[in-house]
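Below is one structure, written out as structure tokens; the observations come after it.
The values are calculated or read from the model by the stated rules, or taken from the named source; none is laboratory data. These figures come from a predicted structure and were not determined experimentally. Ideal geometry is used to build each Cβ from the backbone, glycine not excepted, and the neighbour counts take in all protein chains shown.
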Amino acid sequence: MKKFFKWLGIILGGLLGIALIGLLGYYIYWYTQARRTMDIEVQTMEIPTDQASIDRGKILVDIVRCTECHGKDLSGMLWANIPVLTGTFGPANLTPGENGIAGYTDEDYIRAIRHGIGRDGRALIYMPSNYYVDLNQEDLGDIIAYLKTLPASEEPGPPNGYSGPYLWDFVLNNPQGLPAIKMIDHEAVSEIPVGPDPSDILAYGEYLALPCRSCHGDDFAGVPLLERLRVPSPNITPYGLGDWTEEEFLAAIREGELPDGTYIPQSLMPWMAIGQLTDGELHAIWVYLQSLPPVADEDAAAYQ
Ligand code: HEC
Ligand code: HEC
């Protein structure tokens, strides 16, 4: 009997040892893949300080969805807190001050937003900068102008411990987990775009409709499941909107009201912020959407 327990001990100990070596190997792999530092060139610009820019920045952080992840007051959000095999993780506290990003320079903001790289040179995990590299000088400037005026929050942001293999797996196997490494060509991202000119209505509408893409798909023909919101998004090409008039489009964007009398939940689409765009801006988005080829739901890129 004693012998039996001795052997059982040896076998269990051996298995535990193998598991620990495996875990250590995976940790080293994760660390060298995801946590290496990157030295890139960051194009900077002057950040405005006038109230009109700050006010517009406040609208933009909802439209481009910073608040969806970083929280309504941008003080951060804990997404995962599972001590065993996972660890802690969540979008950072973006308020200035001790608990947030005290001492952030203009260059630090631009590096984080456009390149998805933190002040320490590491790829920011799940920070979707691949959608933000196209923000033009005006919008990028207004967003940063607003971030700088946020009141410092009392609470620390999420602890971001990334301490377990489940989280490493999730991040390494999902391109959106490491946009700075898997999705952005930093050499190609040097210039911060200007324009387009509002008089070029199609180009202007295309630019203004960029944030819609992150939910309605690159071809605007809908997405079967929005990961964070757990719902599909509808087709807003002429195929999906059918015989909608511009008035109906405006009612959907400004009041969240659909032609059939139902409402779009604010939690699914930030229409209260989008609705604060000017008449001219919303008109440009409408004209652009109407100019798109009507893509049938079953042909939508995200459904392939
Ligand atoms: C899909 C969710 C998501 C969205 C949308 C998002 N972020 Fe993030 N962001 C994150 C996560 C997660 C982190 C933390 C990453 C890390 O620590 O590795 C982060 C980190 C950051 C950081 C670095 C903070 C630090 O501690 O140095 C900045 C700055 C930032 N985000 C700004 C923004 C801004 C501005 C927007 C909107 C333009 C935005 N984020 C939109 C998820 C998001
Ligand atoms: C955060 C994700 C998100 C963003 C960003 C977003 N939408 Fe939506 N949108 C949705 C979802 C989800 C619905 C469906 C809501 C529902 O089920 O009622 C929707 C519905 C719509 C509808 C109604 C379509 C229909 O057939 O009922 C229109 C029009 C629309 N969006 C236009 C836009 C435009 C234009 C933009 C960009 C300026 C935009 N959306 C940005 C998620 C989003």
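Each row is one residue, and each column tells you yes or no for (1) in the same structural domain as Met272 (by TED's automatic domain parsing); (2) within 30 Å of Asn173 (Cβ to Cβ); (3) within 16 Å of ligand 2 (Cβ to nearest atom).
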position: Lys3; (1), (2), (3): no, no, no
position: Lys6; (1), (2), (3): no, no, no
position: Ile10; (1), (2), (3): no, no, no
position: Gly22; (1), (2), (3): no, yes, no
position: Met45; (1), (2), (3): no, no, no
position: Arg56; (1), (2), (3): no, no, yes
position: Arg65; (1), (2), (3): no, yes, yes
position: Asn99; (1), (2), (3): no, no, no
position: Asp108; (1), (2), (3): no, yes, no
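Only one of these is in the same structural domain as Glu107 (by TED's automatic domain parsing) and part of a helix (DSSP H, G or I): Glu138, Glu154. Name it.
Testing whether each residue is in the same structural domain as Glu107 (by TED's automatic domain parsing) and part of a helix (DSSP H, G or I) leaves just Glu138.
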Legend entry - Meets criteria (within 17 Å of Ile47 (Cα to Cα), buried (at least 20 other Cβ atoms within 10 Å of the Cβ), within 8 Å of ligand 1 (Cβ to nearest atom) and not basic (Lys, Arg)) for Leu147: yes
Inset, instruction - Quickly run through segment 193-233 and pick out the residues that are outside any strand (DSSP E or B), hydrophobic (A, V, I, L, M, F, W, C) and in contact with a strand residue (DSSP E or B) (Cβ under 8 Å, 6 or more places away or on another chain). - result: Cys215
Legend entry - Matching residues, segment 246-304, being β-branched (Val, Ile, Thr) and either within 12 Å of ligand 2 (Cβ to nearest atom) or closer than 20 Å to Asp55 by Cβ (or both): Ile253, Thr262, Ile264, Ile274, Thr278, Ile285, Val287
Inset, instruction - Tally the residues that are surrounded by 17 or more Cβ atoms within 10 Å (Cβ to Cβ), on the phi < 0 side of the Ramachandran plot and either in a loop (DSSP other than H, G, I, E, B) or within 16 Å of ligand 1 (Cβ to nearest atom) (or both), restricting the search to segment 235-288. - result: 11
Legend entry - Neighbours by Cβ (under 8 Å, 6+ apart or cross-chain): first from segment 95-108, in contact (Cβ under 8 Å) with a residue 40 or more places away in the chain; second assigned to a helix (DSSP H, G or I) and not hydrophobic (A, V, I, L, M, F, W, C): Pro96/Lys148
